[in-house]
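The block underneath contains the structure these notes are about, expressed in structure tokens.
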2 protein chains.
Amino acid sequence: MLRGMVANAHGRVPEVALTFSESDVPAPSHAERARTLVAQQSTGSLATLALDPIGYPYASFITFSLLGHAPIFLISRLAEHTRNLSADPRASLLVHETGKADPLANGRVTLVGQAGKLPRTDRAAREAYLTTHPGAAYYADYEDFDFWSLQVKAVRYIGGYGRMSWIDADAFAGAVADPLASAAPRILEHMNQDHAAALKSYALAFTQAFDAEQATMTAIDRHGFDMTVRTRRGVGPARVSFDVPLTGAEDARPALVALLRAAEAKLAKAQ
Amino acid sequence: MLRGMVANAHGRVPEVALTFSESDVPAPSHAERARTLVAQQSTGSLATLALDPIGYPYASFITFSLLGHAPIFLISRLAEHTRNLSADPRASLLVHETGKADPLANGRVTLVGQAGKLPRTDRAAREAYLTTHPGAAYYADYEDFDFWSLQVKAVRYIGGYGRMSWIDADAFAGAVADPLASAAPRILEHMNQDHAAALKSYALAFTQAFDAEQATMTAIDRHGFDMTVRTRRGVGPARVSFDVPLTGAEDARPALVALLRAAEAKLAKAQ
């Protein structure tokens, strides 16, 4: 059993003896998590099929932007990956998070698909790319440079240890990048620095951590937030959801305040 | 001509009107630069040939360590890349620097080769990997995990804009990772903060920047160091070499002091 868990997590037993979440707390789907992760990044690794040594998979560094759910690149005809794609359009783009001390705890996504050169008249791709990479504006019109897009066929998502799946192209295309993603680090910092009592109240009122002593917010998205909760029984994760999914970062403060009122009311009633 | 330069640099004219280096100043070879870059990193992107969708190049995130010049991985049989490699050993590993604001200014290396599973008796690979990734020690012996190495066949080096080449496997294998690489950021910070006069003297004495007003050290290696020099004519790069290549970071201080004495003597004589 232990071995089975290890295998599924690609080698690590998540060190979670206790989990405090109520059942079925709404959370982002893997498609939504993958789309959010890709939308937050602007560099990645492109895998193409090499011309020399022929047939080898060739990984190269690339900058990209998303147009809808399709990655857009601006690449020179002289670059290895462009020559490879011109001969065989099959490709994949790996995008990963950074920041966690353990590199394998960071999320990553591989978008597998067919790359295609875009016509020079495609202004939308150009604009998407140059909005993300304004420094490329001065060579975007050079003759040997073209915009390319990747038509995604399949998506591999690995959200860190023990959270991974294949996502089909339609689910990825239909998923919405989380509107709180950019603001999340700032919200977490604020809540953990200034609102320890509120976090403890959320844990006491809305999770199974009835004996919560302290809680730290570890993630927030439009559906809710994750905490690590310390109790007398031990430390474990807990998730709390908003009544309705938020539509933007500006909704976070009123939603968290409303949730605190509700938590306090519930805790007062229980006493 | 401009277009040619652009093309060779994959899209950017290095913004260098002036260069102040004397000719033929010793510098690391591309093989040495590539070997150094790879030795400084411990994560990368692995490209393999996918089983599903079959034949597509598949990029995945990976942790590695170098044993000699061969990357070592510790991967689960259940992971996509391991299944791919078990069916077809052709692979490449992309390793890149981070830190520069312009992502395409960072150096990167693609090691192309054949991956092979190592026997469980290979203690050297195990030790190399676990020295770099001690957190992996507790699952290194699990049944579904194996150490693999990549036998490098060819190396693509891109040192930023306009510095790129293919390096053959023998040159890469024979190259030495620069012994100053880990210490370089610290040395640069120290020199630029505390030794502005010395840097200016190096520029005046050992480069063509006879009218140097100010110099900043931008890189250091066992062969010498690079500066950006400001003169009345404009700003440009300059390289200065040590009399003999250094063998370790502890040689940097005496070498820089000796070079300053030599610079001061030369400048005094010229007056």
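Out of A:Ala252, A:Ala212, A:Ala238, A:Ala219, I need the residue that is of a type outside the set (Phe, Trp, Tyr), touching a Lys or Arg at 6+ places or on another chain (Cβ under 7 Å), in contact (Cβ under 8 Å) with a residue 12 or more places away in the chain and open to solvent by less than 70 Å² (accessible area, probe 1.4 Å). Which one? Please lay out each step first, then the result.
Details: A:Ala252 fails: touching a Lys or Arg at 6+ places or on another chain (Cβ under 7 Å); A:Ala238 fails: touching a Lys or Arg at 6+ places or on another chain (Cβ under 7 Å); A:Ala219 fails: touching a Lys or Arg at 6+ places or on another chain (Cβ under 7 Å).
The match here is A:Ala212.
Every listed requirement among (1) among the aliphatic types (A, V, I, L, M); (2) under 22 Å from A:Arg261 (Cα atoms); (3) buried (at least 17 other Cβ atoms within 10 Å of the Cβ) is met by A:Ala154 save one, (2). Let me spell it out: the conditions are (1) modelled with pLDDT of 95 or more; (2) under 19 Å from the mean Cα position of the chain (by Cα), and B:Ala9 meets all of them except one. Which number is the exception? B:Ala9 satisfies every listed condition except (1). Screening B:Asn106 on (1) within 23 Å of B:Gly174 (Cβ to Cβ); (2) surrounded by fewer than 21 Cβ atoms within 10 Å (Cβ to Cβ) shows it passes everything except condition (1). Every condition in (1) more than 17 Å from the chain's Cα centre (by Cα); (2) part of a loop (DSSP other than H, G, I, E, B); (3) not aromatic (Phe, Trp, Tyr) is met by B:Val257 except one, and the failing one is (2). Evaluating B:Pro254 against the criteria (1) touching a strand residue (DSSP E or B) at 6+ places or on another chain (Cβ under 9 Å); (2) within 21 Å of B:Pro26 (Cα to Cα) leaves one unmet condition, (1).
Across region A:171-185, not a single residue is classified as open to solvent by less than 50 Å² (accessible area, probe 1.4 Å), in contact with a Pro (Cβ under 8 Å, 6 or more places away or on another chain) and over 28 Å from A:Val109 (Cα atoms). One residue stands out in region A:146-171 among those that are over 15 Å from A:Pro28 (Cα atoms) and of a type in the set (D, E, K, R): the one that is farthest from the other protein chains (Cβ to nearest Cβ), namely A:Asp170. Only one of the numbered conditions (1) open to solvent by less than 60 Å² (accessible area, probe 1.4 Å); (2) away from every other protein chain (no Cβ under 12 Å); (3) in a strand (DSSP E or B) is violated by A:Arg126, and that is (3).
Residue by residue, here is whether (1) buried (at least 24 other Cβ atoms within 10 Å of the Cβ); (2) among the basic types (Lys, Arg); (3) within 10 Å of another protein chain (Cβ to nearest Cβ) holds:
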{"site": "B:Leu37", "(1), (2), (3)": "no, no, no"}
{"site": "B:Tyr58", "(1), (2), (3)": "yes, no, yes"}
{"site": "B:Leu66", "(1), (2), (3)": "no, no, no"}
{"site": "B:Glu80", "(1), (2), (3)": "no, no, yes"}
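The values are calculated or read from the model by the stated rules, or taken from the named source; none is laboratory data. It should be emphasised that the depicted structure is a prediction, and the values quoted were computed from it without experimental measurement. Reconstructed Cβ throughout: ideal geometry from the backbone, glycine too, with neighbour counts over all protein chains shown. Surface accessibility is based on the protein's heavy atoms, side chains included, excluding ligands, DNA and RNA. Shrake-Rupley method; radii C 1.70, N 1.55, O 1.52, S 1.80 Å.
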